[in-house]
Each structure stands twice: as C-alpha cells, then as structure tokens.
1. Divide by every residue of the protein assembly as shown the summed helix terms, -39500 (n - 2.57) for each DSSP H run of at least 4, and state the resulting mean residue ellipticity at 222 nm, rounded to the nearest 500 deg cm²/dmol.
2. If you fit an axis through the alpha-carbon atoms of helix A:87-98 and take the longest principal axis of the Cα set of chain A, what angle between them do you get, 0 to 90°, nearest 10?
3. Report, as an integer, the average count of C-beta atoms from other chains found within 10 Å of each Cβ along B:211-217.
4. Nearest 10 degrees is fine. How inclined is helix A:11-24 to the longest principal axis of chain A, computing both from alpha carbons?
5. Once you put a point 7 Å from the Cα of A:E19 and another 7 Å from the Cα of A:E190, both along the Cβ direction, what distance in nm separates them?
6. Measuring from a point 7 Å out along Cα→Cβ, what nm distances, shortest first, does B:Y148 have to its partners in the other copies?
7. Defining the label point at 7 Å along Cα→Cβ, can you sort the distances from B:Q15 to the same site in each other copy, shortest first, in nm?
8. Relative to the Cα centre, what is the charge dipole magnitude of the protein assembly as shown, using +1 at the beta carbon of each Lys and Arg, -1 at the beta carbon of each Asp and Glu, and rounding to the nearest 20 debye?
There are 2 protein chains.
Amino acid sequence: MQEMLSQATTLEALQGFVESLRDVYDIEHLVYHSVNPKGGQYAALTYDPSWVERYIEEDYARIDPVVQSAYRRFHPVDWKALDWSAKTTRQFLGEAIDAGIGNQGFSIPIRGPSGQFALFSANQKGNDDAWAAYTNERVSDLILIAHYLNEKALEIEGSEERGPVRPLSPREKDTLTLLALGNNRANVAETLNISENTLRVYIESARFKLGATNTTHAVAMALLHGLIVV
Amino acid sequence: MQEMLSQATTLEALQGFVESLRDVYDIEHLVYHSVNPKGGQYAALTYDPSWVERYIEEDYARIDPVVQSAYRRFHPVDWKALDWSAKTTRQFLGEAIDAGIGNQGFSIPIRGPSGQFALFSANQKGNDDAWAAYTNERVSDLILIAHYLNEKALEIEGSEERGPVRPLSPREKDTLTLLALGNNRANVAETLNISENTLRVYIESARFKLGATNTTHAVAMALLHGLIVV
DNA sequence: GCCGCCCTCACCATTTTGGGGGAGGGAATA
DNA sequence: TATTCCCTCCCCCAAAATGGTGAGGGCGGC
C-alpha cells in the first residue's frame, strides 16, 4: 500500500489512492481534507462531487463541527462526541446525510508547521456498536495512513506554502516574542534593558526580513513561520 | 503495549513506559520531549539525568538543531540531514556525544492545537547503513508510538495549556484575520465595507474577550488559540 | 417579553507607531 | 582583509492606534 502511495505524484493520483483505500478498508467513505492557511482547500475523497462543490461553495468548513472541533483537538474525534445542537449545525447535518455521508464517523487531525492543517476522516452508516468495533480495530491503521497521506500531499503541493524568510537575530526574536505577549515598545525596551530607539531598529529589521507591513503583521508571520515560540 | 500505556496515569509512569519501549525496540535511546508554549518542557526519556539537567539549565532547546529543524517540518527528520555547521551547533553536538547520545537518530515532530509541540526521537551509535535499515523497518511503529505517547502526555498534563477563551464573533474573526495579514484599520474597514469606527468596536471586543492588551497581542492570541486561520 | 450578544456608527484627546535619517563598535565569515 | 551582520544609541515629525463613552436596531434563547 505504501508503495502505491509513493508512486503517486499528482493530486489526482492521491484521489485514486483514497478511493482504492476505501475498498481495502471496507468502509463507505474516506476523506483527506487539507485546509490550507490561505483559505484554499484540497481534498481527496469519496463523497459525491456535488456535495463537495456545495461544501466549497458555501464555505461549510466554517460551520462543519467536525472541522471546527478537530481544529482545536489533538486526538482523533468521534463524530458522536461533537456538539450538533446549534441550529446551523443541524441544518448542515441534514444536508450532509442527504448527500450520502454516513451518520457514524471519526476524524484524525493532522498538523504541519506554519499552521498547516488537514483532516483524515472515515465514515459510514451504521449503529453505534458496529462503529465502535470498527474504529477500535482500524484506528491505528488510519492514523498511519493519515500521516503518510498528508506527507505525500504536502510533498506534491509543495510544502513551501509560505515562502522562506530570512532567519531572525536573537534580539529580533526577543523583541517579537515580547510584543506577541502584549507588551508595547516601552515595556519591551525596559525588559530587554535597551533604549526604545534600539528596540525600534529590531522591530523594523524584523519587519523588513519578514516582509511585514507593520508590527502586528510581523508578529503574526513570526508565529506562523515558527520563528518565535510564545 | 497500548494496554500498558493506557494504564499510565502519571508522568513518571510515562517515563517507565519509554524505558521499557527502549528494550522492546532494541535501541539505545528513546526520547519524548514536549516543548510547551510557555517555555516549560517535559520529557520522558532514557538519557543520562545530568545531560537532561544541563539541557534544561542551558536552554539547549533554543540551539538544538533537532528541535529547531523539526519545529518547522512535518516529516520525521533524520539527524544526518540537519545542518551541524554552525559553531554553537558543533559545540552542542560534542557535548551531546560526550553525554552518551548516539550519533545516529531521527525525530518525529508532533503537533497539537494552540501550538503544542513535541518531539519523539530515537537514536543510537552506529554506522549509516545499519541505521537506515533500522529506521526503515521501525518508522511506522515509532510514528504510532509518538502519537499515542503525546495523546497520553497531553491527557495527563491537562491539555488546557492556554486557558479557555470566549469564542469570537464572525466579524471579530474577520477583523483579526485581516489585521494578521498586515492590513491597517483603514484597509480592513474598507475590505469589510464598514466604517473604521465600527471596526474599532470589533477590535476592542476581541481584545476584551481574549484578555489582550493591544491589537498585536489579540492577533497573536487568536492565532495561537486557533481562533483564526491565516 | 426580556436579556444578552452581535452589528453598526460617531467624537475627541492622548498615546503609540512608523518613516527616514545617521553613527560607532564588535564578531564572524568569505 | 573586506564585507556583512548584529547590537547599541540618537533625533524629528507625521501617521496611526487606542481609551473612554454613547447609541440604535436586530436576532436568538430562556
């Protein structure tokens, strides 16, 4: 199976890979869904194309409780554990079921550097017990698949989503870190025991290196690039 | 093995688990190393305690090329592929080898929401070929272990590293997102087709919800909490 | 129906940032 | 040795952000 994946060099091939996986794993639907930072989405999945189109058209990722919940979790999420109570959520659920998505499912969140985020989901119709048995048996396999699939997808898409940036000097890192924590220039300068004038040089050079238009932008970019850790 | 892990309820038990894993996998050292956002670190590992102490004391995570490189990658990293040329890095390497760390190794980066980051590394002394054979055989197992180990560590530590925050309204998200991209208030207001005065209300209410002292802080917090996606 | 939250807009004084200069000493690298 | 960063400091002035306060309409939940 991994040999098959390693031969995939296009996103279309990934799509085919996911489809064949569905048969191997004897499940109705498998979905690899990459939510790129820039708002672009890519998916390799077994859903009905019309549902996919609608999902993207309506930007359902914003209300899809699976996406929203997985985005702030580490563990794989069983769909049963989600909150489906909100009105918009119930409506979304109704549409999804009409489109043939199973009532049982679980999703594995996958993260990369710079905020890359993807979901690998398996789902089908069925009762709770059967589903619990299935997930219990398959979860390790699916975690690994999620991992390799994401690795491959990033490789194909070109993982340099955010262009490379010049590394920051230690002082620049200190500066942006303290700014990210909510300090203003005066505070940061005091903390670092330097004059505010000096501090400004660091901020501006960091901004220049990052191609940022202002301090907020520079801090956001430094965080997203993993250049500073708060 | 997973049963053994599921019974671990303390960080000490995790330590024991990692030690027994080392024997099962016939390797010199295994290291689970969680780098918490706040700068706190936790590790379950098989290194010499004096090296661990020194590592923490000197804050070597800041210069350790394994940590630095893994932090901005998705794939597991083989230590051979790293850049060991910088002076401080070579010195660090010398100290590490003196402390008994193997010359061959690889590390699997693991990420959670809100910027949680951990590393699971395996290493030992040996030549390149033997190491390549070992990693090729074991990498899938180790990826899974890394996954479960991190899941368990977060569970034990309490994964609410950053206190919960009130959710942001759609307009607040829009606002912070556009600010994170480097727009100033005037631009954002124009983009959203609202007056700058209105925009300010969103910024301030977002700041209030997040407990942020200024816009930069609010944007940084929103990014780290996964409340906005840029 | 009331309460809370969201969306929208306004004004004014003050504080904070940004733009654009210049300058010296030190460390590292090519 | 020359060049390139890095760290440190200074000045002036314009532009932008912030703090505080007030206010109306809408929607959804209890």
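1. Estimated from H runs of four or more residues: -16500 deg cm²/dmol.
2. Approximately 40 degrees, to the nearest ten.
3. 6
4. In chain A, helix A:11-24 runs at an angle near 40 degrees to the longest axis.
5. Once both label points are built, they end up 6.5 nm from each other.
6. 1.9
7. For B:Q15, the other copies' label points sit at 5.3 nm, shortest first.
8. That gives a dipole near 1960 debye.
Bear in mind these aren't lab numbers, they're just calculated from the coordinates by the rules spelled out. What you see is a predicted model, and the numbers here were worked out from it, not measured in a lab. Cβ sites come from the backbone with ideal geometry, for glycine too, and all protein chains shown count toward neighbours.
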